[in-house]
1. Just a yes or no: is a residue in segment 200-212 under 30 Å from GLU80 (Cα atoms) and surrounded by fewer than 22 Cβ atoms within 10 Å (Cβ to Cβ)?
2. From VAL261, VAL252, grab the single residue that is touching a helix residue (DSSP H, G or I) at 6+ places or on another chain (Cβ under 7 Å) and in a loop (DSSP other than H, G, I, E, B).
3. Look at ALA164 and say whether it is over 14 Å from LEU181 (Cα atoms), small (Gly, Ala, Ser) and touching a residue at least 24 places away in the same chain (Cβ under 8 Å).
4. Which residue pairs have Cβ atoms under 6 Å apart, sit 6 or more places apart or on different chains, and have a first residue in segment 58-73 that is more than 12 Å from PHE40 (Cβ to Cβ) and a second that is in a loop (DSSP other than H, G, I, E, B) and of a type in the set (Val, Ile, Thr)?
5. Tally time: how many residues in segment 260-305 are among the small types (Gly, Ala, Ser), touching a residue at least 60 places away in the same chain (Cβ under 8 Å) and more than 14 Å from ALA324 (Cβ to Cβ)?
6. Quick one: ASP89 ticks every box in (1) out of contact with any Lys or Arg (no Cβ under 6 Å at 6 or more places or on another chain); (2) under 19 Å from GLN220 (Cβ atoms); (3) crowded, with 17+ Cβ neighbours inside 10 Å except a single one, so which number is it?
7. So, in segment 279-318, of the ones that are under 15 Å from SER206 (Cα atoms) and among the hydrophobic types (A, V, I, L, M, F, W, C), which residue ends up farthest from the chain's Cα centre (by Cα)?
Amino acid sequence: MQGNELNSGEAGQGGSWCDPGRLSWVRVSGADAARFLDNFTTAAVGSVAEGHGCEGFFTDVRGQVICLAGLLRCGPEAGEEPAVEIVADGDVGGALAEHLERYHIREPIEIEDISASRLTIALLGDGIASGLAARAAGSRKPGDLTAAFDHALVTLASTEGTAAVARLVRCDWGGPHGWLLACGGDDADAAHAALTAAGFTHQGSSAWEQARIEAGTPRQCDLLPKTLPQELGRDARAISFTKGCYLGQETVARLDALGHVNRRLVTLTVAGDAVPPAGAAITSGSKTIGEVTSSCLSPSLGKPLALAILPVKAITAEAELTIAGHPAQPHLPQP
């Protein structure tokens, strides 16, 4: 499993960079890293080749979601020591590392929360690969990273003679033309200079929020208590139903056997110009059925979008939903 094929981004020259907000990084190093992690994630990371990656959920013993993560397989073929680097939204690095360490007994691996030493930049646009081509040196070119969570270590050079070593990751959490760039904090200025030299514009953090909501990608704020993996609608890309046992698998397998969940993450379009705040009640008739977990004004649609986890029976074209008095309706199916 090497992720979903994406548009290579070679056609255009457009691109921008922005702050994606707090992202966590956990590094599990050692020859048995992938084998160990296969016991704790819904993804079949052990079958991923070095230099590639996949998306998966980490769940607790009850099968409830701890976080959605990208798992990046590193190793000799990619010019690195054997390891898996995990990137997840929010301030979950310490808790995830502690969760994994709780089950670490004899495996010759090291688990480390490296979030504090990482600066992560989001790249958006169909010209990212071509724009970086002249700025990024490494064993793999940006244009070689064509599937979700393909990644490579690159050295980014600016026109000022500075350079930054960074991990470049093809990441569609912000849409099909999305990327992540992770480097050490000391390389921040050099990375920013290289991106400017590549012709990319700097946008505010709202650009990433808009892009990921348009893509239907949940952040930690979108996970309600006791959220189950299938409720987030990412089965095909984040859950392996054929791999061996893992923590929480019993619940995931039981839901698969039932063939449905009772609630689901959905993107809603909202009438009017006002963006509903997180926590705004969602009603169907006179009944409150949920609340907004995140929202934005969609640049591509020109109207507010909201994410929420709602009862499946309420997510129909005929449903009469309102948010803060404004009509709302389901927008796009989740990936």
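The values are calculated or read from the model by the stated rules, or taken from the named source; none is laboratory data. Source: prediction; values computed, not measured. Please note: Cβ atoms are built from the backbone with ideal geometry, for glycine as well, and neighbour counts cover all protein chains shown.
1. No: zero hits.
2. Numbers: VAL252 fails: in a loop (DSSP other than H, G, I, E, B).
When all the criteria are applied, what remains is VAL261.
3. The answer is no for ALA164.
4. From residues that are more than 12 Å from PHE40 (Cβ to Cβ), the pairs are VAL65/THR227; ARG73/VAL48.
5. Here is the first cut: in segment 260-305, the residues among the small types (Gly, Ala, Ser) are 271-272, 274, 278-281, 284-286, 290, 294-295, 298, 300, 302.
Filter once more, so that each one left must be touching a residue at least 60 places away in the same chain (Cβ under 8 Å): 294-295, 298, 300.
Subset that is more than 14 Å from ALA324 (Cβ to Cβ): 294, 298, 300.
Of the residues in that region, 3 qualify.
6. All conditions are met except number (1).
7. LEU297
This table checks each residue for (1) in contact with a Leu (Cβ under 7 Å, 6 or more places away or on another chain); (2) surrounded by fewer than 24 Cβ atoms within 10 Å (Cβ to Cβ); (3) of a type in the set (Phe, Trp, Tyr).
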position	(1), (2), (3)
LEU168	yes, no, no
PRO176	yes, yes, no
HIS192	no, yes, no
GLN220	no, yes, no
GLY233	yes, yes, no
